[in-house]
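Student: What follows is a single structure, and I will ask about it in a moment.
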Amino acid sequence: MSLDLSPFARLPLAHLPTPLERLSALTGDAWGVRLFVKRDDCTGLGFGGNKTRKLEFTLGHALAAGATTLITSGAWQSNHVRQTAAAAARTGLNCHVVISDAVGRETEAYCASGNMLLHGLFGAHLHLAEDDGDATTRCMDRLANEAMARGETPYIVPLGASDGIGSLGYAECARELLAQCEAQSVAPTAIVLATGSGGTHAGLLAGLRLLGSRVRVIGISVSEPADVKFDKVRGIADAMLDLCGASRGTVSDTDIVVLDDYTGPGYAIPTEEANQAIRTLAAREGLLVDPVYTAKALAGLLDLLERGRLTGDVVFLHTGGTPALFAYADEFPLTKATCP
């Protein structure tokens, strides 16, 4: 098996390679493992994050098709929307975004700061939808028709840029990560990441298998039951393997591991375990994660370590999302002391 991405159009957007760093202060010798973090929060574009890798291939495909306008969707604090808007600004494309309130959180910080502030600064045209289902689809279709009526060429970017094309970005990340592990004498037994729309998980897993690596990829669901996430990862991995001319059997069903023990009440709803993971990582490593995605994945990782479910060298894929942390400021009240 091999991984040849040369046939696919790609637009350089990210600062690559992102660092692979040891998290020695977080774990010490407590669990008998060496814990590393793959810093995809450092991809650079618009505060960085995992979507930038996927957008390199998505926008490469869009520009090759003559696109002049990007249309996508997401929640109010969507990391995907932020990075898509930044990519559109970088390339001179128009950007229309259908935003839905998937959470019902009405604090001032949630509605006006974090990613919501950045969407506007990057020049995205925001359109509010009643929900993240049929209403969003209808709105995106209408925007595409209106763009064509103006003589523009619209390109609809799927949620999270999570399809066969977008996931190529994480197949390439698999190659990058394996090279870093070899250079740093890291022998990963598992890679742990947040699983949302599924493209990062699918692309990384398929890329590893195409490159001959059998390392486990463990997804921590941030929003839905494990069987729902399984189907998403399976579908996107199959689509990517089809594009690469590889057998779908390259990724077996048993390869797809998703845990939903750390999801909490649902998407973008913080859990106490995730909030504590944020505090712990910040205090011990000076590194930030967000309550929506990476903190839930980190909470899952720490619990797996505590229960002895992981051994050897373990890599945590930090997929970014830190601007959303500011939208949840009320979850982290300041402790203040008066000077004597």
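The values are calculated or read from the model by the stated rules, or taken from the named source; none is laboratory data. Not measured: the values here are computed from a predicted model. Every residue, glycine among them, receives a Cβ derived from its backbone with ideal geometry; neighbour counts consider all protein chains shown.
Student: Would you check if VAL103 is farther than 19 Å from HIS15 by Cα, surrounded by 24 or more Cβ atoms within 10 Å (Cβ to Cβ) and not aromatic (Phe, Trp, Tyr)?
Tutor: When the stated conditions are applied, VAL103 does not pass them.
Student: Would you check which residues across the range 236-254 are exposed (fewer than 15 other Cβ atoms within 10 Å of the Cβ), small (Gly, Ala, Ser) and assigned to a helix (DSSP H, G or I) and list them?
Tutor: If the condition is that a residue be exposed (fewer than 15 other Cβ atoms within 10 Å of the Cβ), small (Gly, Ala, Ser) and assigned to a helix (DSSP H, G or I), then GLY249 is the only one that fits.
Student: Go through ALA174, ALA135, ALA144, ALA202 for me and flag whichever is part of a helix (DSSP H, G or I), surrounded by fewer than 24 Cβ atoms within 10 Å (Cβ to Cβ) and under 16 Å from the mean Cα position of the chain (by Cα). Write out each step before concluding.
Tutor: Details: ALA135 fails: under 16 Å from the mean Cα position of the chain (by Cα); ALA144 fails: under 16 Å from the mean Cα position of the chain (by Cα); ALA202 fails: surrounded by fewer than 24 Cβ atoms within 10 Å (Cβ to Cβ).
Step by step, each of ALA174, ALA135, ALA144, ALA202 is checked, and only ALA174 is part of a helix (DSSP H, G or I), surrounded by fewer than 24 Cβ atoms within 10 Å (Cβ to Cβ) and under 16 Å from the mean Cα position of the chain (by Cα).
Student: Next question. Name the pairs whose Cβ atoms lie under 6 Å apart, with the first residue in the range 132-157 and in the same structural domain as TRP76 (by TED's automatic domain parsing), the second surrounded by fewer than 13 Cβ atoms within 10 Å (Cβ to Cβ) and of a type in the set (Gly, Ala, Ser), and 6 or more positions between them or separate chains?
Tutor: THR153/GLY66
Student: Now for a different question. Aliphatic (A, V, I, L, M) and under 22 Å from the mean Cα position of the chain (by Cα), is that true of LEU26? Give the steps one after another, and end with the answer.
Tutor: Working: aliphatic (A, V, I, L, M): yes; under 22 Å from the mean Cα position of the chain (by Cα): no.
In short, no.
Student: Give the number of residues within the range 255-292 that are among the aliphatic types (A, V, I, L, M), under 20 Å from ASP227 (Cα atoms) and not in a loop (DSSP other than H, G, I, E, B).
Tutor: 3
Here is a yes/no grid of residues against (1) modelled with pLDDT under 95; (2) within 16 Å of the chain's Cα centre (by Cα); (3) farther than 29 Å from LEU55 by Cβ; (4) not charged (D, E, K, R):
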| residue | (1), (2), (3), (4) |
| --- | --- |
| ILE256 | no, no, no, yes |
| GLY264 | no, no, no, yes |
| ALA274 | no, no, no, yes |
| ILE278 | no, no, no, yes |
| ASP303 | no, no, yes, no |
| VAL314 | no, no, no, yes |
| THR322 | no, yes, no, yes |
| PHE326 | no, no, no, yes |
| ALA337 | yes, no, yes, yes |
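Student: Considering each of ALA268, ALA295 in turn, give the residue that is closer than 17 Å to ARG39 by Cα, touching a residue at least 12 places away in the same chain (Cβ under 8 Å), in contact with a Pro (Cβ under 9 Å, 6 or more places away or on another chain) and of a type in the set (Gly, Ala, Ser).
Tutor: Sole residue among the options that is closer than 17 Å to ARG39 by Cα, touching a residue at least 12 places away in the same chain (Cβ under 8 Å), in contact with a Pro (Cβ under 9 Å, 6 or more places away or on another chain) and of a type in the set (Gly, Ala, Ser): ALA295.
Student: Any residue at all in the range 301-316 that is under 21 Å from CYS111 (Cα atoms), surrounded by fewer than 14 Cβ atoms within 10 Å (Cβ to Cβ) and either in contact (Cβ under 8 Å) with a residue 12 or more places away in the chain or in the same structural domain as CYS181 (by TED's automatic domain parsing) (or both)?
Tutor: No.
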